[in-house]
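Structure, as structure tokens:
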Amino acid sequence: CIFLFHSDRVIDVGSEWRTFSNEKALKDPSRVGDAQNPLLNGGDLTTMISRGTGAASFDEFGNSKYQNRRTMSSSDRAMLNAFKEISTMADRINLPRNIVDRTNNLFKQVYEQKSLKGRANDAIASACLYIACRQEGVPRTFKEICAVSRISKKEIGRCFKLILKALETSVDLITTGDFMSRFCSNLGLPKQVQMAATFIARKAVELDLVPGRSPISVAAAAIYMASQASAEKKTQKEIGDIAGVADVTIRQSYRLIYPRAAELFPPDFKFDTPVDKLPQL
């Protein structure tokens, strides 16, 4: 049995127009429009008109004839601006795409709940970036986020606490090990010094030598002690600039661990400077 199907309507599933590009490896330029953004209420299926440059783009009073404001809701526009700010901040400190995506999702949740009404969107975005880094296991310090943001450290800290409360979420406590590898790498320290600093910081916490001190200041003090015992010596200022802590903060933590320095180094560490010759500060 044979069925014949006849129709005078044919759907063309090809491109809107022909392209004569010979670059097979490149994406097909014949389709237009940006990719959908599921975080925006309109799916980002909007038409954005670029700024005109010719005389036909302006009326007799010099005003632009074509406006973009009506193509996107105010809430979508606010979120889109925040997403751009998040992406810019992430690029400045070389954060991967998964961090950006998590930050965008956090911002959307906070924005739609209106739980931080009255707070600047840039401050909320900065705090969301800080939380996303913590949740993804690549924590950054408040000072590092502040350095790529236009918001003060104090304001980011306030938004951080409010967001955790509003979303009823939490972040893992930061430890000295979360920052050690990055700090040592940025200081150009060899693997042996990094391992020694990690050992010193962990041992100092186990022996309860640094009660109440932040993990970042303890990590900085451990790096200073390990580097001073090695051939690759670093000053407090060099370490402070990388870790984002003041020299006096490093000295305070260092003084707490110095009296028991002999117990803090790993057994196989090769000393360039003996323990009894380390700076006493």
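The values are calculated or read from the model by the stated rules, or taken from the named source; none is laboratory data. Being a predicted model, the structure only gives us computed values, none of them experimental. Here Cβ is always computed from backbone atoms with ideal geometry, including for glycine, and neighbour counts include all displayed protein chains. For the accessible areas, the whole protein counts, side chains as well, though only heavy atoms, and no ligand, DNA or RNA atoms are used. Shrake-Rupley method; radii C 1.70, N 1.55, O 1.52, S 1.80 Å.
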*For the subset of the range 144-171 comprising residues that are acidic (Asp, Glu) and closer than 20 Å to residue 93 by Cβ, which member is modelled with the highest pLDDT?*
155
*Which one is farthest from residue 74 (Cα to Cα) among residues in the range 96-147 that are outside any helix (DSSP H, G or I) and open to solvent by 60 Å² or more (accessible area, probe 1.4 Å)?*
136
*Quick one: how many residues across the range 196-210 are surrounded by fewer than 20 Cβ atoms within 10 Å (Cβ to Cβ) and within 15 Å of residue 173 (Cβ to Cβ)?*
2
_Close pairs (7 angstrom Cβ cut-off, 6 or more residues apart or separate chains): under 13 Å from residue 145 (Cβ atoms) in the range 90-104, outside any helix (DSSP H, G or I) and open to solvent by less than 20 Å² (accessible area, probe 1.4 Å) anywhere_ = 92/148; 93/148
*asked:* Among the numbered criteria (1) open to solvent by less than 50 Å² (accessible area, probe 1.4 Å); (2) in contact (Cβ under 8 Å) with a residue 40 or more places away in the chain; (3) among the polar types (S, T, N, Q), which one does residue 175 miss?
replied: (1)
*Subset of the range 218-273 (residues that are basic (Lys, Arg) and more than 22 Å from residue 147 (Cβ to Cβ))*: 233, 251, 255, 260, 270
